[in-house]
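> Structure provided below as structure tokens; questions to follow.
The values are calculated or read from the model by the stated rules, or taken from the named source; none is laboratory data. What you are looking at is a predicted structure, and each value in this text was computed from that prediction instead of being measured. Methodologically, a virtual Cβ is constructed for each residue, glycine included, from the backbone with ideal geometry; neighbour enumeration extends over all protein chains shown.
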Amino acid sequence: MEKQDRDAKRSVRGTVEVSHKKQIRNSILLATVLTAVFLVLYMTRTTSPKKVVTDGHTMKAVIQIDGKRVHTMELDKDAEYRAETADGNYNTVVVKDQSVRVEEADCKNQICVKTGAIHFPGEVIACMPHRMMIYIE
Ligand SMILES: [Zn+2]
């Protein structure tokens, strides 16, 4: 927060000193930032934690093994899926309360299990030993 304030002050001072061309560029940047802030606020307001829906599209957890989609799970339906690799290893994937997590796996490092639950697009659970990845779309 403090850092943001400092940056804001610096950019205001900078705008006064710079050339006209740079001012225009700064205005465009400011407009972009404002649009982004507005979008985030808008999405936060319309996304309730109980029901995660974007544009009437229910979010899905996509399970990939070796870069290939092997399974998709809708986040609004509690379910369990055993993702098996070609070598016979497994990750038990659980969808519950609008989120997805790896409940159990037979990998060495257990990082996928320790990652815990993910809820939003952009979040990822990876199991490197199994070349398995779960993401939300
Ligand atoms: Zn793992």
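> I'm trying to understand the selection: among the residues of the range 70-87, which are closer than 18 Å to residue 60 by Cβ and assigned to a loop (DSSP other than H, G, I, E, B)?
75, 76, 77, 78
> Does residue 48 count as polar (S, T, N, Q) and at pLDDT below 65?
In short, yes.
> Have a look at 113, 95, 102 and point out the one that is of a type in the set (Val, Ile, Thr), surrounded by 13 or more Cβ atoms within 10 Å (Cβ to Cβ) and either in contact with a helix residue (DSSP H, G or I) (Cβ under 7 Å, 6 or more places away or on another chain) or modelled with pLDDT under 95 (or both).
The conditions single out 102.
> Right, something else. Enumerate the pairs (first residue in the range 82-97 and charged (D, E, K, R); second residue anywhere and surrounded by fewer than 14 Cβ atoms within 10 Å (Cβ to Cβ)) with beta-carbon separation below 6 Å, excluding pairs fewer than 6 apart on the same chain, so at least 6 apart or on different chains.
96/78
Conditions tested, residue by residue: (1) among the β-branched types (Val, Ile, Thr); (2) within 12 Å of residue 63 (Cα to Cα); (3) more than 7 Å from the ligand (Cβ to nearest atom).
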position: 89; (1), (2), (3): no, no, yes
position: 94; (1), (2), (3): yes, yes, yes
position: 98; (1), (2), (3): no, no, yes
position: 101; (1), (2), (3): no, yes, yes
position: 106; (1), (2), (3): no, no, yes
position: 120; (1), (2), (3): no, no, yes
position: 123; (1), (2), (3): no, no, yes
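> Just the residues that are more than 8 Å from the ligand (Cβ to nearest atom) and touching a Lys or Arg at 6+ places or on another chain (Cβ under 9 Å), please, taken from the range 125-137.
125, 134, 136, 137
> A further question on this structure: So residue 81 passes all but one of these: (1) exposed (fewer than 14 other Cβ atoms within 10 Å of the Cβ); (2) more than 19 Å from the chain's Cα centre (by Cα); (3) away from the ligand (no atom under 14 Å from the Cβ). Which condition number does it fail?
Of the numbered conditions (1) exposed (fewer than 14 other Cβ atoms within 10 Å of the Cβ); (2) more than 19 Å from the chain's Cα centre (by Cα); (3) away from the ligand (no atom under 14 Å from the Cβ), the odd one out for residue 81 is (1).
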